[in-house]
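The values are calculated or read from the model by the stated rules, or taken from the named source; none is laboratory data. Just so it is clear, the model here is predicted, and its values are computed rather than measured. Glycine also receives a Cβ, built like all others from the backbone with ideal geometry; neighbour counts cover every protein chain displayed. Ligands, DNA and RNA are stripped out before the accessible areas are found, and what is left, the full protein with its side chains, is counted by its heavy atoms. Shrake-Rupley method; radii C 1.70, N 1.55, O 1.52, S 1.80 Å.
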Amino acid sequence: MAFVARYHDAWSLPNSQAMAFMRQAYADSVDFYGKQTSMADVLKDRETFAERWPDRAYSVRHGSETVSCIVTCRVTGTVEWFSRSVQRGKASSGIADFQVVWDPQSKKILSESSKVLKADKGLTEPSRLIAQWGVGRGKRKLSRQLRRRSRNLESL
């Protein structure tokens, strides 16, 4: 589903761009990880995460998505991620199953949850994502993303 791909692509952008997308993505009230949550609180959660992990790369595993629509659309799949904070000297990488309920009429997320399937230990580079993208192409794509983010951080 195109919206979920855009969502994960946007979440991989520098913080200001990622948050601009997120502000448009959620309904006023969201079932957020099993708890009814206001959009303001969802955005606060997203912003806190983005500040903690300013360099992020998320990619939905090809072929993992399922979509079921009646009035709303339930989208499930598997996402691979790599996040890091150069400032804190930390990195996080792994695989998670996700579920989003999306309203095609309002184009808003009504529900979101995920469950980490595997957290990689000790990685300093996104080797899982590079492998998913294809070695040469993946390294170039990720290198461009991280250079862009570094330039954005330097301009602050």
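Looking only at segment 32-43, decide whether some residue is in a loop (DSSP other than H, G, I, E, B), under 12 Å from Ser111 (Cα atoms) and over 13 Å from the mean Cα position of the chain (by Cα). Looking for residues that are in a loop (DSSP other than H, G, I, E, B), under 12 Å from Ser111 (Cα atoms) and over 13 Å from the mean Cα position of the chain (by Cα), one finds at least one in segment 32-43, hence yes. A Cβ distance below 9 Å, combined with a sequence gap of six or more or placement on separate chains, defines the contacts here; from segment 28-57, residues that are touching a residue at least 40 places away in the same chain (Cβ under 8 Å) reach residues that are assigned to a loop (DSSP other than H, G, I, E, B) and aliphatic (A, V, I, L, M) in the pairs Pro54/Val86; Asp55/Val86; Arg56/Leu13. Return yes or no: is Tyr33 at pLDDT 95 or above, crowded, with 20+ Cβ neighbours inside 10 Å, touching a strand residue (DSSP E or B) at 6+ places or on another chain (Cβ under 7 Å) and among the aromatic types (Phe, Trp, Tyr)? Taking the combined requirement at face value, the residue does not satisfy it. Hey, any hits in segment 4-23 for a residue that's closer than 14 Å to Lys108 by Cβ, touching a helix residue (DSSP H, G or I) at 6+ places or on another chain (Cβ under 8 Å) and touching a residue at least 40 places away in the same chain (Cβ under 8 Å)? Yes: segment 4-23 contains one or more residues that are closer than 14 Å to Lys108 by Cβ, touching a helix residue (DSSP H, G or I) at 6+ places or on another chain (Cβ under 8 Å) and touching a residue at least 40 places away in the same chain (Cβ under 8 Å). Name the residues in segment 93-120 that are without any contact (Cβ under 8 Å) to a residue 60 or more places away in the chain, farther than 19 Å from Arg46 by Cα and acidic (Asp, Glu), would you? Asp120 - this is the single residue of segment 93-120 that is without any contact (Cβ under 8 Å) to a residue 60 or more places away in the chain, farther than 19 Å from Arg46 by Cα and acidic (Asp, Glu). Exactly one residue among Leu129, Leu123 is more than 20 Å from Ala10 (Cα to Cα), open to solvent by less than 90 Å² (accessible area, probe 1.4 Å), hydrophobic (A, V, I, L, M, F, W, C) and modelled with pLDDT under 95, and that residue is Leu123.
Tally time: how many residues in segment 60-78 are of a type in the set (A, V, I, L, M), under 15 Å from the mean Cα position of the chain (by Cα) and modelled with pLDDT of 95 or more?
Going residue by residue through segment 60-78, those that are of a type in the set (A, V, I, L, M) are 60, 67, 70-71, 75.
Adding the requirement that they be under 15 Å from the mean Cα position of the chain (by Cα) leaves 60, 75.
Next, from what is left, pick out any that are modelled with pLDDT of 95 or more: 75.
Matching residues across segment 60-78 total 1.
Residues of segment 1-20 that are open to solvent by less than 60 Å² (accessible area, probe 1.4 Å) and farther than 20 Å from Thr76 by Cα: Leu13, Pro14, Asn15, Ala18, Met19, Ala20. State whether one or more residues within segment 96-118 are touching a Gly at 6+ places or on another chain (Cβ under 7 Å), open to solvent by less than 20 Å² (accessible area, probe 1.4 Å), within 22 Å of Pro54 (Cβ to Cβ) and at pLDDT below 60. Scanning segment 96-118, I find no residue that is touching a Gly at 6+ places or on another chain (Cβ under 7 Å), open to solvent by less than 20 Å² (accessible area, probe 1.4 Å), within 22 Å of Pro54 (Cβ to Cβ) and at pLDDT below 60, so the answer is no.
Of all the residues that make up segment 53-87, how many are among the charged types (D, E, K, R), open to solvent by 40 Å² or more (accessible area, probe 1.4 Å) and either within 20 Å of Gln24 (Cα to Cα) or out of contact with any Lys or Arg (no Cβ under 8 Å at 6 or more places or on another chain) (or both)? Give the derivation first.
Just the residues of segment 53-87 that are among the charged types (D, E, K, R), to begin with: 55-56, 61, 65, 74, 80, 84.
From what is left, the residues that are open to solvent by 40 Å² or more (accessible area, probe 1.4 Å) are 61, 65, 74, 84.
Narrowing further to those that are either within 20 Å of Gln24 (Cα to Cα) or out of contact with any Lys or Arg (no Cβ under 8 Å at 6 or more places or on another chain) (or both): 61, 65, 74.
Number of matching residues: 3.
Screening Phe49 against (1) crowded, with 16+ Cβ neighbours inside 10 Å; (2) farther than 15 Å from Tyr7 by Cα; (3) modelled with pLDDT of 95 or more; (4) aromatic (Phe, Trp, Tyr) leaves a single unmet condition, (1).
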